[in-house]
1. Give me the percent relative contact order of the stretch 159-206, please, defined on Cα pairs under 8 angstrom at least 6 residues apart.
2. Going by amide H atoms built from the backbone, whose H comes under 5 Å of the H on Val374, apart from near neighbours?
3. Probe of 1.4 angstrom, ligands and nucleic acids ignored: what's the accessible area per residue over the chain, in square angstrom?
4. Pairs of alpha-carbon atoms within less than 8 angstrom and 6+ residues apart define the contacts here; what relative contact order does the stretch 378-423 have, in percent?
5. Given a 1.4 angstrom probe, I'd like the percentage of the accessible area of the stretch 1-149 that is carbon and sulfur, rounded to a whole number.
6. If r is the Cβ-Cβ distance from Phe429 to Phe284 and R0 is 45 Å, what FRET efficiency results, to the nearest 0.05?
7. Among (1) 91, 47, 43; (2) 60, 54, 43; (3) 76, 56, 35, only one was calculated for this model; which label is it, if the read-out is Cα extents along the principal axes in Å?
8. Once you put a point 7 Å from the Cα of Glu359 and another 7 Å from the Cα of Glu326, both along the Cβ direction, what distance in nm separates them?
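The values are calculated or read from the model by the stated rules, or taken from the named source; none is laboratory data. Given the structure is predicted, the values throughout are model-derived calculations rather than measurements. Quick reminder, even Gly has a Cβ in these numbers, built from the backbone with ideal geometry, and neighbours come from all protein chains shown. These area figures cover heavy atoms from the full protein model, side chains too; ligands, DNA and RNA do not enter into them. Shrake-Rupley method; radii C 1.70, N 1.55, O 1.52, S 1.80 Å.
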Amino acid sequence: MKAYKEMSREELLSLKDELEKQFADAKGKGLKLDMSRGKPGLEQLDMTMDIMDVLDSKADMRCEQGVDTRNYGLMDGISEAKHLMSDMMGGIPAENVIVYGNSSLSIMYDTISRCVTHGVLGSTPWCKLDKVKFLCPAPGYDRHFSITELFGIEMITIPMTSEGPDMDLVEKYVSEDPAVKGIWCVPKYSNPQGITYSDETVRRFAALKPAAEDFRIFWDNAYSIHDLYEEDRDDLLEILSECEKAGNPDIVYEFSSLSKVTFSGAGIAAFAASKKNVEETKKFMAVMTIGYDKINQLRHVRYFKNVEGLKAHMQKHAAILRPKFEAVLRVLDKELEGLGIGEWTRPCGGYFISFEAMEGCAKAIVEKCKEAGVVMTGAGATFPYGKDPKDSNIRIAPTFPNSEELAAAADLFVLCVKLVSVEKILAAF
């Protein structure tokens, strides 16, 4: 297949005419498809419906500590839920875990908010400082960036490499600038590239020497068990123990949840950190809440029983998701390989495929898709302030559509990539 940049102007104009006809046909189909968020599909949600049968009106509602989960108490979560989440996060001691409600994002928001209003372990509240900065590996998770932007925290883009964030830059910023107070991380199957941080990267994080005593790594371990391939899964070094070894036990806050394991709106979420960080968090929780939904915690523990039950359940998810990822990748390979107008990741897990279009084309591609009835994540969303400096990154979320919808969406996407790329190259003639 001839690369577009090797074509003559006449060849490109002829190709553009053909692509425009195909695009007009696609628009005429009246598609209404959504690939904008990494949501589980209906089949995944249906697969977990039997969790609702675990507790009924005759169930013993006491947890292993003897507390009635229908009542007040155990603000930081029932013991068996803490053990389940600690095992899922790589064997963190259960006493270092707090179990919340359904959303890890709300824990992250609350943690940032607390740092802003009250500081970290007795340090000056961020709201009283002249400048607060946060490092943001990008492409990254748009909702992370939304939180720091909301609080007026200056965001600094850190490029991603195949082993995680550019650690030379991270170490430089963290060690030299006391205004740098944190960094967002999705360390396993990163959103959107599907990169898992190497052991060296994790150890370099653990060994950071911050200029700010209140610097924290916000370790959003959202996809810790979201492997697509049992025989080819990524392994992530457990960071809390590495921080302990490096003499930095307090430097990290870890977050995780079962949002895409059971129900996105009704899972359980957890926070893990050092003893000092956990005790400080509990002090604020005691004012904020009398406790989260312990019945839901009990339901999840009795359903999965242990981390092996969790992993077995995730293999069922993988059996549903793997064909979807592979279907999109087949279309990308077949239609775009060798054209020189895009590159894409091949993740072993997580919820996204990251696509790099020609520079200056991402917004136009996403707009073309929308025009023909397929909604993608907004171009630029994977960068701080929604500004992709190259206007090239597009996040593909293949999980929600059914197979028929996914095939139509993938075909339209590659058509839009081709059309916008041709127009871009022609404009340079």
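1. Numbers: 34 pairs, mean separation 21.2, N = 48.
The normalised contact order for the stretch 159-206 reaches 44 percent.
2. The answer is Leu33.
3. Values: 18650 Å² over 429 residues.
With all protein chains present, the chain gives 43 Å² per residue.
4. Working: 20 pairs, mean separation 10.6, N = 46.
Relative contact order, the stretch 378-423: 23 percent.
5. Working: 3620 of 7680 Å².
The computed percentage sits at 47.
6. Details: r = 61 Å, r/R0 = 1.35.
Computed FRET efficiency for Phe429 and Phe284 comes out at 0.15.
7. Entry (3).
8. The answer from the label model is 3.7 nm.
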